[in-house]
1. Which distance in nm do the two modelled labels at THR193 and VAL71 give, with both placed 7 Å along the Cα-to-Cβ direction?
2. Quote the FRET efficiency, to the nearest 0.05, computed for LEU136 versus ASP115 with a Förster distance R0 of 25 Å and r equal to the Cβ-Cβ distance.
3. For the residue pair SER178 and GLU207, what label-to-label distance in nm results when each label sits 7 Å from Cα along the Cα-to-beta-carbon direction?
4. Say the cut-off is 26 Å between C-alpha atoms; which of LYS81/LYS166; LYS152/LYS182; LYS62/LYS148 go over it?
5. Answer rounded, prolate or oblate for segment 122-215, using the Cα gyration tensor with square roots of eigenvalues a ≥ b ≥ c: rounded when a/c is under 1.5, else prolate when a/b is larger than b/c, else oblate.
Amino acid sequence: MENNKPTAAELNNAEDIVARVQQNKKTVMWCLLTGGILVIIALAWILLSQSGSRKADELVGKADIEMNDSVATALYMDAAKAGHRSGHRAAAMVAINLFNKGEYEQAIKYLDDADLDDAVAAPGVYALKGDCYANLDQLDKALGCFDKAISKADGNPEIVPFILIKKANIYRAQGNYSAEAKAYKTIIDDYPTYVATTRNDIRRFYERAAAQAAQ
């Protein structure tokens with residue numbers, strides 16, 4: 001089986017997204033934050049078993065190779081109704097399509113049905129749900145989803161720091177610079193390899209937030 005761990009190039013792409021987010025307006029921020037985590041979700045789903053409902057398996061198989069986005073989404077929607085692992089994956093795929101269309105409330109409904117227990121896919125689903133709530137300006141709910149994503153990630157040194165950056169951005173939007181600084185400090189203290197290899201200047205962001213919190 002192929003190694004489905006995110007590549008350095010894909011993770012760097014995710015970092016580029018977050019770096020741009022740090023410099024843009026709040027309305028732009030929520031639109032960009034999801035890109036990197038969706039790469040991680042997609043890679044993780046390759047590992048998931050397609051066992052369960054035969055109907056759902058067949059529909060998902062057709063949707064996966066369908067070139068027309070509208071047709072693929074319809075197939076995923078039908079598969080999502082069947083449940084089982086393939087149905088749950090289908091629900092998450094529908095949610096991604098809805099998110100990309102800006103239909104965040106509908107995306108959340110499908111994410112609620114996407115019961116994926118993979119150590120990478122599960123935090124990805126919660127992270128996407130958090131992005132939906134952020135776009136709906138329900139920032140406290142977004143933070144709650146990101147907390148669940150971190151819990152599901154179980155210390156993953158690539159996923160957890162990425163989600164902590166999401167939290168830091170929301171804290172900054174709320175003017176909670178103390179919490180923003182704490183999020184960055186956690187990355188610095190607990191994930192030094194991430195800090196050393198990322199293109200993001202985590203230490204500078206921490207120092208900025210800490211200075212503003214002290215004012």
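1. 4.4
2. Numbers: r = 22 Å, r/R0 = 0.89.
In this case the efficiency is close to 0.65.
3. 2.3
4. Over 26 Å apart, Cα to Cα: LYS81/LYS166; LYS62/LYS148.
5. Numbers: a/c = 2.21, a/b = 1.14, b/c = 1.94.
In terms of gyration-tensor shape, oblate.
Read the figures in this text as sums done on the coordinates, not as results from a lab. It should be emphasised that the depicted structure is a prediction, and the values quoted were computed from it without experimental measurement. Neighbour counts run over all protein chains shown; Cβ positions are idealised from the backbone, glycine included.
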